[in-house]
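Read the structure below first, then the notes.
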Amino acid sequence: MWLNGHVLTAAEARIDPADRGFLLGDGLFETIRVAGGVAPHLERHLERLAQGCAILMMFPPNFATLRGGVKDLIGASKLRDGSMRLTVTRGPGPRGLEPPVRPSLTMLLTCSPATPAPFSTPARMHVSRFTRDGTSPLSQIKSLNYLPGVMARLEASAAGYDDALLPGANGAVAEGSAANVVFLSHGALTTPSLDDGALPGTSRARLLEAGLCSEASLPLSRLHDVEAGWLVSALTLRAIDNIGAYRLRQDADTEKTLRQFLFG
């Protein structure tokens with residue numbers, strides 16, 4: 001791993017017990033794809049990290065240092081294909097909610113090799129009782145407090161499903177527990193809007209910019225309009241088998257187009 005400018009083993013690394021990320025969830029993270037020994041969309045992740053820092057009223061990290069850290073860790077780990085997690089916290093602080101006047105950020109990079117076909121079967125989706133509030137600025141960032149997603153996934157697993165679909169506070173579909181969603185309806189690909197509670201995912205943004213999908217709200221009462229669907233993240237594309245009792249069809253041609261564009 002890479003911690004605050006140094007490549008270390010896990011046994012050597014130490015994070016201050018007073019770190020606000022550990023104690024208060026006061027920080028952000030990014031999950032970054034590594035392909036062919038490089039992080040092809042690193043700048044998108046750093047841009048979203050900068051936006052998240054602004055929302056949290058946190059001084060941003062030195063991005064030149066982070067770019068160097070990504071390069072150093074890929075070199076030290078000899079990682080060719082896999083993923084990297086970037087975690088940035090406001091650093092250690094005194095007891096209570098107020099951060100120190102001059103915070104010292106904690107910056108951590110860890111990496112993992114790719115696993116063969118982690119999601120080879122379509123996902124069975126449970127509609128969660130937990131919601132995402134599109135009017136909250138916290139819905140726009142990848143906060144270290146990921147408990148709604150964790151609880152939604154646990155709830156889905158207990159009910160016999162693979163993953164959870166979280167509604168927005170307005171009753172429309174927002175996203176999966178750890179991924180954006182893309183739906184095929186009436187021959188067109190759409191994805192929920194940020195106002196519905198969707199996270200501004202990097203793969204989602206690429207699809208929108210390329211014109212491969214557009215934003216559209218999908219009320220839960222209109223799930224029968226969905227023909228096919230996929231969970232989309234920076235690392236994976238997974239087809240959806242069903243949402244509760246409603247079964248979707250598998251569209252191999254559309255999935256091939258999405259996969260080639262995102263990961264080809």
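No value in this document is a laboratory result; all are computed from the given coordinates. None of the values given here were measured: they were computed from a predicted structure. Ideal geometry is used to build each Cβ from the backbone, glycine not excepted, and the neighbour counts take in all protein chains shown.
Quick notes on this one:
- Just checking the listed ones, I74, I55, I243: in the Gaussian network model of the chain with Cα springs under 10 Å, the one fluctuating most is I55.
- From the alpha carbon centroid of the stretch 6-21 to that of the stretch 137-164 is 26 Å.
- The separation of the stretch 166-205 from the stretch 59-89, counted between C-alpha centres, amounts to 28 Å.
- Between helix 252-263 and the chain: long-axis angle, C-alpha atoms, 0 to 90°, nearest 10: 20 degrees
- Angle between the chain longest axis and helix 42-55 axis [Cα atoms, degrees, rounded to 10]: 80 degrees
- Charge context of P148, other residues only, Cβ under 12 angstrom, K/R +1, D/E -1: 0
- Per DSSP, loop GluC sites (Glu not before Pro) in the stretch 1-88 with at most 15 further Cβ within 10 Å: E12
- Net charge, C53 excluded, C-beta distance under 13 Å - Lys, Arg +1, Asp, Glu -1: 0
- Taking trypsin sites (Lys or Arg not before Pro) across the stretch 47-79, the ones in a DSSP loop with at most 16 further Cβ atoms lying within 10 angstrom of their Cβ are K78.
- Basic side chains Lys and Arg get +1 at the Cβ, acidic Asp and Glu get -1 at the Cβ, and with that the dipole of the stretch 90-165 about its Cα centre reaches some 220 debye.
- Annotation: extensible slack from V38 through L220 equals 61.6 nm (criterion: 0.36 nm per residue apart, minus Cα-Cα distance).
- For the stretch 123-263, the dipole from Cβ point charges (+1 on Lys and Arg, -1 on Asp and Glu) about the Cα centre works out to 240 debye, to the nearest 20.
- Using equal-weight Cα scatterers in the Debye expression, the normalised intensity of the chain in log10 at q = 0.09, 0.10, 0.15 Å⁻¹ is -0.43, -0.53, -1.14.
- With the charge dipole of the chain set up from +1 on Lys and Arg Cβ and -1 on Asp and Glu Cβ about the Cα centre, the Cα lying farthest toward the positive end among the listed residues H126, S83, P219 is that of S83.
- Mean-square fluctuations from a GNM of the chain, with a 10 angstrom spring cutoff on Cα atoms, peak among R124, R132, R102 at R102.
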